[in-house]
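See structure below.
The values are calculated or read from the model by the stated rules, or taken from the named source; none is laboratory data. All of these numbers come straight from a predicted model, not from anything done at the bench. Quick reminder, even Gly has a Cβ in these numbers, built from the backbone with ideal geometry, and neighbours come from all protein chains shown. Remember, those area values only see protein heavy atoms, side chains included, never the ligands or the DNA or RNA. Shrake-Rupley method; radii C 1.70, N 1.55, O 1.52, S 1.80 Å.
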Amino acid sequence: MKTVSILGIGLMGMPMAKRLLDAGFELRVWNRTAEKCIPLVDKGAYPCADLCDAAQSDILITMLADGQVVKGVVERLVAAGELNPSKTLIDMSSTSLAQVKAISECVYNAGASFIDAPVSGGVKGAEEGTLAIMAGSQTADHFNAVEYVLSAMGRPVRVGDVGAGQVSKLANQAIVGGTIGIVSEAILLLERAGVNSDAFRDALRGGFADSSILQLHSKRMSERSFAPGGKVTTQLKDERNILEAAQSLGITLPITQSIYDRYEQLATDPDKGALDHSALFLELLAQNGLD
């Protein structure tokens, strides 16, 4: 079994690391704030204060804030000579299409293999090992060589060449953002009409309009409970990346543009920017002059 490192122990990196440890992998962990790695020590992880120390594994997984941070980490590893033909770097962060191309070139120039494998499913999916993992790789063999590692965290599917994973994640996030937007409108409609939203969710369960977003996020909206799973600021970043990818492909996405504008407005308040992305409901309340 190959050794694995996770670079980035945040909301998603922590439960993903736990899944790998539960699967029996020898795991090294690194985070810019080293203290975040401490809870993993009792489970058998080897904490690394130094990035180069963390790179002493066969497979390096980055789960970082954005593409710019990933690129900076990769450049540091390349400069230190830590990426070579024996290594595979899997970026599971959410980045822009332009960034994944720049990161992959940097990795390839060092002789290492690269896979972009962003995920969907949020913290709950990471904790349960049910993440949807969309992987892009140069060849099917590159993906097959690490599929067993990815399978410890969810359901990996190779969707195409390098970059296809990130485009798939952007498409996924377009669906997520748009669905959160329409679910927020449905919940407000129900509330103003005096309809019980719990009964509504139960009535739609298994129907054509049912979804995980309806069941999970509409409950958060009804309860005004927005502890972060996927943050508003993260969704805003994803919406921006979707629009940039669309522009590069010469197409217009009007619904995504509208959702982006609403998240941008919501994130002008830093306190709201740190909330769960289902807090788009608060922006809808504000539009309607409601508290």
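For this structure, a couple of remarks:
- This structure gives Cα Rg over 2.2 N^0.38 Å, computed directly, and of (1) 1.13; (2) 0.99; (3) 1.04 that value is listed as (3).
- Projecting the Cα atoms of Ser151, Leu89, Asn109 onto the charge dipole of the chain, computed from C-beta unit charges around the Cα centre, puts Ser151 farthest toward the positive end.
- Virtual paramagnetic centre 7 Å along Cα→Cβ of Ala203, amide N under 20 Å, in region 212-228: 212-223
- For the chain: accessible area per residue (Å², 1.4 Å): 45 Å²
- Here the accessible area of region 1-94 is 50 percent carbon and sulfur, with a 1.4 angstrom probe and all protein chains present.
- When you restrict to C-alpha pairs under 8 Å that are six or more residues apart and normalise by the size of region 237-288, the relative contact order lands at 27 percent.
- Within the chain: Cβ-based charge dipole about Cα centre, in debye rounded to nearest 20 (Lys, Arg +1; Asp, Glu -1): 220 debye
- Taking every alpha-carbon pair in region 36-138 and binning the separations at 10 Å intervals from zero gives 14, 45, 35, 6 percent.
- With a cut-off of 11 Å on the backbone N, the residues of region 143-166 near the modelled label site 7 Å out from Ala23 along Cα-Cβ are 146-156.
- 0 to 90° range, to nearest 10: angle between helix 232-248 axis and the chain longest Cα axis: 80 degrees
- Charge dipole magnitude, Cβ of K and R +1, D and E -1 - region 1-155, Cα centre, debye nearest 20: 180 debye
- D (Stokes-Einstein, µm²/s), Kirkwood Cα radius, region 91-229, 0.692 mPa s at 37 °C: 195 µm²/s
- Annotation: the antiparallel percentage among DSSP beta bridges lying fully within region 59-207 is about 20.
- For region 115-179: rounded, prolate or oblate by the Cα gyration tensor [a/c cutoff 1.5]: oblate
- Projecting the Cα positions of Ala65, Thr33, Ala55 onto the charge dipole of region 30-84 (unit charges on Cβ atoms of Lys, Arg, Asp and Glu, taken about the Cα centre) puts Ala65 furthest along the positive direction.
- Too-long pairs where the Cα-Cα distance tops 25 Å, listed order kept, from Lys71/Lys272; Lys36/Lys237; Lys124/Lys231: Lys71/Lys272
- Region 1-61-region 138-168 distance, computed between alpha-carbon centres (Å): 20 Å
- Pair Leu290, Leu249: separation of 7 Å Cα→Cβ label points (nm): 3.4 nm
- Length-normalised contact order for region 137-291 - Cα pairs under 8 Å, 6+ apart - percent: 26 percent
- Acute angle (nearest 10 degrees) that the helix 67-79 long axis makes with the longest principal axis of the chain, alpha-carbon atoms: 10 degrees
- All other residues whose Cβ lies under 15 angstrom from that of Leu60 are scored, Lys and Arg at +1 and Asp and Glu at -1, for a net of -3.
- When the charge dipole of region 201-291 is built from unit charges on Cβ atoms (+1 for Lys and Arg, -1 for Asp and Glu) and taken about the Cα centre, the candidate among Thr268, Leu249, Gly229 whose Cα reaches farthest toward its positive end is Gly229.
- Beta bridges by DSSP in the chain, antiparallel share as percent, to the nearest 5: 15 percent
- The C-alpha atoms of region 147-291 occupy a region whose extents along the principal axes are 50, 33, 27 Å, arranged from largest to smallest.
- Put a dot 7 Å past the Cα of Arg76, heading toward its Cβ, do the same for Asp269, and the two dots end up 3.5 nm apart.
- Lys, Arg +1 and Asp, Glu -1 on Cβ, resulting dipole of region 183-291 about Cα centre, debye, nearest 20: 160 debye
- Three-way shape label, region 165-211, alpha-carbon gyration tensor, a/c 1.5: oblate
- Three-way shape label, region 207-254, alpha-carbon gyration tensor, a/c 1.5: oblate
- Residue ranges 220-228, 257-265 sort as 257-265, 220-228 when ordered by packing (mean number of other C-beta atoms within 10 Å per residue, highest first).
- Spacing of the two label points (7 Å from each Cα toward its C-beta) at Leu216 and Cys52, in nm: 4.0 nm
- Here region 155-291 exposes an accessible surface that is 55 percent carbon and sulfur, computed with a 1.4 Å probe and the other protein chains kept in place.
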